[in-house]
1. Considering only residues of the stretch 170-186 that are touching a residue at least 12 places away in the same chain (Cβ under 8 Å) and part of a strand (DSSP E or B), which is surrounded by the most Cβ atoms within 10 Å (Cβ to Cβ)?
2. Any idea which of A217, A253 is outside any helix (DSSP H, G or I) and touching a Phe, Trp or Tyr at 6+ places or on another chain (Cβ under 6 Å)?
3. Can you tell which of S199, S119 is polar (S, T, N, Q), buried (at least 17 other Cβ atoms within 10 Å of the Cβ) and either touching a Pro at 6+ places or on another chain (Cβ under 9 Å) or closer than 30 Å to V52 by Cα (or both)?
4. Can you find a residue in the stretch 157-175 that is under 20 Å from the mean Cα position of the chain (by Cα) and of a type in the set (V, I, T)?
5. Identify all residues within the stretch 16-46 that are of a type in the set (A, V, I, L, M, F, W, C), over 15 Å from E255 (Cα atoms) and surrounded by fewer than 24 Cβ atoms within 10 Å (Cβ to Cβ); write none if there are none.
6. Only one of these is more than 21 Å from R33 (Cβ to Cβ), at pLDDT below 95 and buried (at least 19 other Cβ atoms within 10 Å of the Cβ): A250, A223, A227, A213. Name it.
7. Select from the stretch 146-164 the residues that are touching a helix residue (DSSP H, G or I) at 6+ places or on another chain (Cβ under 9 Å), at negative phi, at pLDDT 95 or above and surrounded by fewer than 24 Cβ atoms within 10 Å (Cβ to Cβ) and list them in ascending order.
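The values are calculated or read from the model by the stated rules, or taken from the named source; none is laboratory data. Note that the coordinates shown come from a computational prediction; the quantities given were computed from them, not determined experimentally. Glycine gets a Cβ as well: all are built from the backbone with ideal geometry, and neighbour counts include every protein chain shown.
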Amino acid sequence: MSDAPAFGDRVRGALGERGPLCVGIDPHEHLLRAWELDASAAGVREFGLRTVDAAAGRAGIVKPQVSFFERYGSAGFAALEDVLAAARAAGLLVIADAKRGDIGTTMDAYTRAWLTPGSPLEADAITVSPYLGVLSLVDTFRFALAHGKGVFVLAATSNPEAHAQQRAIVGGERTIAAEITREVSGFNAVSTVPGEWASIGFVIGATVDWADAGLPAQIAPIAPILAPGFGHQGAKPGELAGLFGSAASAVIASESRSLLAAGPDGLAAAIDARVREYRSSHG
């Protein structure tokens, strides 16, 4: 067992200190060109390190999108290792957006790659897909809890391709999105100290209509919600409370392109401005 504070409470502290903004580290090829960097492992490494420098002391959380590094093979993974280590050394919470999901020893290996303390790819949390069954992820949840780490389970995403599947009815009663939320919340209910936030959270898009997706009005126990969809996809900081209702205090508002488009020289100022917007919208 880890002596580190539970991930849920670390998120709670980060949101209280820095607000809900999570800076996505997404080195799209067009952004690399705009930043005058090569579309290479060296380019994404520099992009990631500059983003970490801009976010440190301003935002509390960063989210590297693993695919943009993975495309460059072993050199890209080496670049990602440097970015992850730099972010954690800067005191940022790091969510590796890897969307892993498998069964048995394969999922165990993914889990250990991203959540083992001291691993080259160590992050504070990872995103996972539950579409091989939530029960296939239980060992990942347990491993995360034992090491002070977190997991974000895809529940209701904002991409239109997902609507039919995530809103399909299970057993004539709940949508798949609602069933995923119910099963994960059940795990959290028996593994979370009363009064603390759960460490197994959800990915729920900021553009998702909760009623349409069949999601419960209240998620209990409170669990972090990673919410893509702010910024470039249209959701605004001032809409956060209205979009998420009683869950708003636990929302991690993920933005990437809307900030990264400011370029390396303007990124810090863009982050500062967005942090002020979120704080202002929360009174």
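1. T175
2. When all the criteria are applied, what remains is A253.
3. Within the list S199, S119, the selection yields S199.
4. Yes - at least one qualifying residue is present in the stretch 157-175.
5. Taking the stretch 16-46 as the starting set, the residues that turn out to be of a type in the set (A, V, I, L, M, F, W, C) are 21-23, 25, 31-32, 34-35, 37, 39, 41-42, 44.
Then drop every residue that is not over 15 Å from E255 (Cα atoms), which leaves 32, 34-35, 37, 39, 41-42, 44.
Those that are of a type in the set (A, V, I, L, M, F, W, C), over 15 Å from E255 (Cα atoms) and surrounded by fewer than 24 Cβ atoms within 10 Å (Cβ to Cβ): L32, A34, W35, L37, A39, A41, A42.
6. Matching residue, one of A250, A223, A227, A213: A213.
7. H147, L154, listed by residue number.
Conditions (1) in contact (Cβ under 8 Å) with a residue 60 or more places away in the chain; (2) assigned to a helix (DSSP H, G or I), marked per residue:
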residue	(1), (2)
P5	yes, no
G8	yes, yes
V11	yes, yes
H30	no, yes
L37	no, no
L49	no, yes
V52	no, yes
V62	no, no
F69	no, yes
